[in-house]
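Step one of this worksheet: look at the structure below.
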């Protein structure tokens, strides 16, 4: 289970965590959970900022809308049972709306 959250909003959300079990990606506005069915495998999380949403990649198997508020402008990416792995600096603090796509799930 991967998680992405604002640097000041590490409080988890059990309902969002449970929703990720069936929806692949779920969140509560401050915290996103991304679930892979394969344990202990290399994953890649890419966050891109666009003015308008791009079309889903041809190889995408599924997608969902996501929203994440970042009061600090810094996102933390980590694995639920292992802690933070990296930080991503956004262009500015605020609410970011987007899409999550996945493949090879």
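Some notes on this structure:
- Inter-label distance, nm, simple model (7 Å from Cα along the C-beta direction), residue 43/residue 81: 1.3
- Computed per residue of the chain from DSSP H runs no shorter than four, each worth -39500 (n - 2.57), the mean residue ellipticity at 222 nm is -3000 deg cm²/dmol.
- Between residue 36 and residue 11, the simple label model (points 7 Å from Cα in the Cβ direction) yields a spacing of 3.0 nm.
- Label positions at residue 88 and residue 101, each projected 7 Å from the Cα along the C-beta direction, are separated by 1.5 nm.
- Shape of the range 26-80, Cα gyration tensor, a/c cut at 1.5: oblate
- Pairs of Cα atoms in the chain fall into 5 Å distance bins, from 0 up to the last occupied one, in shares of 2, 12, 24, 25, 22, 11, 3, 0 percent.
- Rel. contact order, % - alpha carbon contacts under 8 angstrom, at least six apart, the chain: 32
Every number in this text was worked out from the coordinates using simple rules, so none of it is lab data. Keep in mind the model is a prediction, meaning the values are calculated, not measured. Neighbour counts are summed over all protein chains in view; Cβ atoms, including those assigned to glycine, are modelled from backbone coordinates with ideal geometry.
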